[in-house]
1. Can you sort 294, 411, 35 by how many other beta carbons sit within 10 Å, fewest first?
2. Under 5 Å between amide hydrogens, which residues at least 5 positions from residue 348 or on another chain qualify, with H placed 1.01 Å from N in the peptide plane?
3. Which aspartates and glutamates have a Cα less than 16 Å from the Cα of residue 457, not counting those fewer than 8 places away in the same chain?
4. Name the residues whose placed amide hydrogens come within less than 5 Å of the amide hydrogen of residue 435, ignoring near sequence neighbours (fewer than 5 apart) on the same chain.
5. What is the fewest-to-most order of 353, 198 by other Cβ atoms lying within 10 Å of their Cβ?
6. Compute, for the chain, the length of the dipole vector about the Cα centre, with Cβ point charges of +1 (Lys, Arg) and -1 (Asp, Glu) only. Units Debye, rounded to 20.
7. State the extension gain, in nm to one decimal, for the chain segment bounded by residue 117 and residue 169, taking 0.36 nm per residue of separation less the distance between their alpha-carbons.
8. I need 540, 600 ordered by Cβ neighbour count within 10 Å, fewest first.
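Just so it is clear, none of the values below were taken in a lab; they were calculated from the coordinates. From a predicted model like this one, the values you see are computed outputs, not experimental measurements. Note that each Cβ is placed from the backbone with ideal geometry, even for glycine, and that neighbours are counted across all protein chains shown.
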Amino acid sequence: MLLERKPAIRRALAAWSAGVAVLLGSAAPASADTSLTRFVDDHVTAQLKRHEIPGAAVVVVTNDKQTFAKGYGVADLATGRAVDAEQTVFAPASVAKLMTATAVMQLVDKGQLSLDTDVNDYLRDFRIDDTYPGKPVTTAHLLTHTAGFAGGDRGTGAASPKDIGELGAYLADRRPARVRPPGVTAVYSNFGMGLAGHLVELRSGLPFHEYMRKNVFEPLGMSSTTFAQPEPDAISGALAVGYRLAGDRQIPAAGARYGHMPPHGAGFRTTATDMAKFMQAHLNDGGAILSPESARLMQSRRFGNAEGANGLGYGFQEYTRNGTRLILHRGNIPGYFAMLALIPERGVGIYAHYNGSGKGGADSVWALVDAFADRYAAPRQDAPPTGELPDPSGFAGTYRSLQGADAEDFSRITTLMRTTTVTAQSDGTLTTAGTSGHGPVEPRQWTQVSPGLFQEKGGHRRIMFREDGVLATENPSDPLQKVAWYQLPALHLGTLAASLGILVLSTLVWPVALAVRSARRRPAHAGTARAPRLAGLPGWAAAALVTASAATLVVLFADFDGNQAAYFLGGSPLLTLIGTMPLLAAVATAGAAVTTVLAWRRKWWSRFGRVHLTVVTVAATAYLVVASAYNLLG
């Protein structure tokens, strides 16, 4: 439901946009370092105003104390409730994967789970397909996103806790295909982490949310944190409303509150100060919840898509900023985003969560964490190139996200608009450019420092090209894959544009032409035969249905944030049309193809009429071929 423009809301928005509301909420403790307080205040206050985000909370810890905690802005625009770092609950989504990995490692400590055991040895009611004989999926693969599962998150959300059943039953029904052998490439998998949480249930004998409460949250004193769905009333009442922008209005983001796979982040609720306790446990060799060895395994590099590029621990993702190593995890669902980041070598950590997507707002948490890391960074020194370096022109090409390309549902279409182009320069450097979900990505220049490994010029990022065409990026669980010429988005977009130009025009003009011809009652031309009355219908239907299919995609992307909630919930009238129209168009196109053959054999209509029908059939077929490549045909 859209938020109405009541006077109280307008006053709250005006205060927020003016930078006043961001100063509301809990104050930093008196013991906080003045420079740290000024640092966080300056960054977060500016971020909320620039990105138009209602509120946020930030906490900073060392291994022995909480050094800073503060809320900014408002948790609820309708009431003006301020964000409080200790009291206000947020939904930090996939940050919860660190909780799940911690639970798995607790059971490893107890000898109830083994990291190298086939997960099928633990499962009871279903099994993971033996797609690659002799190469089973292990617990370690789940924690490092290397199981090789296909992606796709349609239907993972739930509008109400009443819609949520048992985790194991949901996983059994939603088993994805295995698209690559395990342990080869890390590609982010929500299903994999959901399965890891199910192993916790099976080996502990407790529902996942109960296990987490008894073995993680209570020992750490995290009294405002839960995986329960529905959440306890006290937590529900303290939850910040998640917002998204609709034009110049903030409206509550629908569909983000609950989900079928809690271990991957659905339904996770917490406060900033509760997350401080979790961070301190990990900065203190596992504290009261893990053995030092399991804490070390979680935080150390367990897998990387390439040497020299960022890697993954068990749950944690590895990043490097100006020579400083961070381990972190971020989360992002409609209306909320968050990040937890630790610098173990310095014994410090920062956690921040926000309650609005705003204008590219999810990038602001990166800016905050990067700036925080820079406070502890040593002066950066770029390593000089070593050894004989290959010609970088071999790395040039177009790349797309493997996570998107792996999708089994029509979310694969996002790869059509999110690509990276690598260009080789005459001086031996590379330039990358492309698009993301927020628009064009700023071009970056790269210098080769060892075979296939490139350092960003004037920046901190590193990328590594593998021989199999995989590009390991700074995101260790979202590598890119070089595409073949027939997979080029530019080719697909060009094909769609040309096809739709013909089909839209035919949809509009064809009925008019038939009406005019019928009114004039012209006899058949010499050498031609009169076609049956409805012979042209399949061709017109193919043109019209393809046009309608394209229109549904335009509507989808015109309000992508709004339709994203429906995608997670599993459906809406629009999503039904997106899946149905191409199938109907395929049937009509098959009819048009048959009609085209008959028209040429029996010489129906004039030559121009037969050519026109042929062009329409080819154009519709071209559209459907591209649609099929993005899972739009079933």
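1. So the ranking, lowest neighbour count to highest, is 35, 411, 294.
2. 343
3. Once the sequence-local aspartates and glutamates are set aside, what remains near residue 457 is 382, 427, 442, 474.
4. 419, 441
5. Ascending number of Cβ neighbours within 10 Å: 198, 353.
6. Here the size comes out at about 3060 debye.
7. Full extension of this stretch gives 16.5 nm more.
8. 600, 540
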